[in-house]
Amino acid sequence: MRLGDPLSFLLPTLILLLLLLSGHKSLGSSELANRREYKLLSYTSPTASSLPFLPLLAPSPLTPFKNSTIPKLSGHCVLNFTALSSMMHVTATDCMSGFAPLLANIVCCPQLEATLVIVIGHSSKYTNTLALNGTLASHCLSDFEQILVGQGASDSLAKICSIHSSNLTEGSCPVSDVAEFESTVDSSNLVAACENIDTVNECCEQVCQTAILEASRKLAQKAYNLTSLDGSHVLSNHTTRINDCKSIVLRWLGSKLEPSHAKEVLRGLSNCRINKVCPLNFPNLSHVIEGCGTVISNQTTCCGAIDSYVDHLQRQSFVTNLQALNCAATLGVKLRRANITNNVYSQCHITLKDFSLQVALYCIYLRCRRA
């Protein structure tokens, strides 16, 4: 397969799209029962994979198969969505109907959040504010969703990505005025730390993240004099205030960087955040405990139970390679707490790829089989 041939990428992508759009019910019971038969690589330990099999920042999926429709806007929003129409289209593509729930944590929601930050930041150039009041926030969030839905995005993005109108306000941060912001923080240091972010090393070195945190603290301290207050309640409120101020800082950065560059920075920062945790929900382990127990008496029964459990996890969402590692570790801890001390990963040939929906679907397309 030649990398220069566009069909070499398009064909498997189209197959993947058809598999996803047809839903999980399109997989027959025999195919689900034999899912373990399709493997990309031979057995390895979840912690022994030497090469990443998923990108840290996933590319956009295909353009939505929907004609754009004219959205019904409120007429009250002050944000200039038209100025960032190209980014809005990319967001609609990343959150297209049918894909959004599966791509939520690694593609759709990070792109959606970055776009909102940049739109508000860009609009601050003429509104001179980095936040909206409650009424405007409701109108603008509604308009934002309507525009995306008109371009083929899911109509449930607010629910999928837990976006609320309050996310467009200043929250508890005491500063939202652009002039006051720039007189409070070291803006030149902030730009210098974040304008050329290294998306690979930032998660470890935290150069930009440290600058954002420092700026957020300075903004939060304007609300009160911390030296005159004490108590866990105040500290708790201060932590919330700092988090709200981080949103203000990110919007300001979004106004100072060219939009596509700002998106790269914001996606890089979100990448550090999402790869720290496993996004999957772990159901009750009772079936696995029954099959595996303290001492495995029937390996076939045990492996069938753990396979079924991992199948359930796998169908929830696409994950990155680092998320898959965290998910494997999380399940391992739960198994140990359930007194399952045998290495069922090794005995049942569970690998990191088993936590990945996209690899399983791609393997069905390739009809991958164990060596």
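Taken over the stretch 190-210, the criterion of being part of a helix (DSSP H, G or I) and in contact (Cβ under 8 Å) with a residue 24 or more places away in the chain is satisfied by LEU190, VAL191, CYS194, GLU202, CYS203, CYS208, GLN209.
Of the listed requirements (1) buried (at least 22 other Cβ atoms within 10 Å of the Cβ); (2) within 17 Å of the chain's Cα centre (by Cα), LEU79 misses just one: (2).
The residue that is modelled with the lowest pLDDT, counting only those in the stretch 54-73 that are farther than 30 Å from GLN316 by Cα and surrounded by 14 or more Cβ atoms within 10 Å (Cβ to Cβ), is PRO71. One residue stands out in the stretch 85-99 among those that are under 24 Å from SER124 (Cβ atoms) and out of contact with any Ser or Thr (no Cβ under 7 Å at 6 or more places or on another chain): the one that is surrounded by the fewest Cβ atoms within 10 Å (Cβ to Cβ), namely SER86.
The values are calculated or read from the model by the stated rules, or taken from the named source; none is laboratory data. Source: prediction; values computed, not measured. Cβ sites come from the backbone with ideal geometry, for glycine too, and all protein chains shown count toward neighbours.
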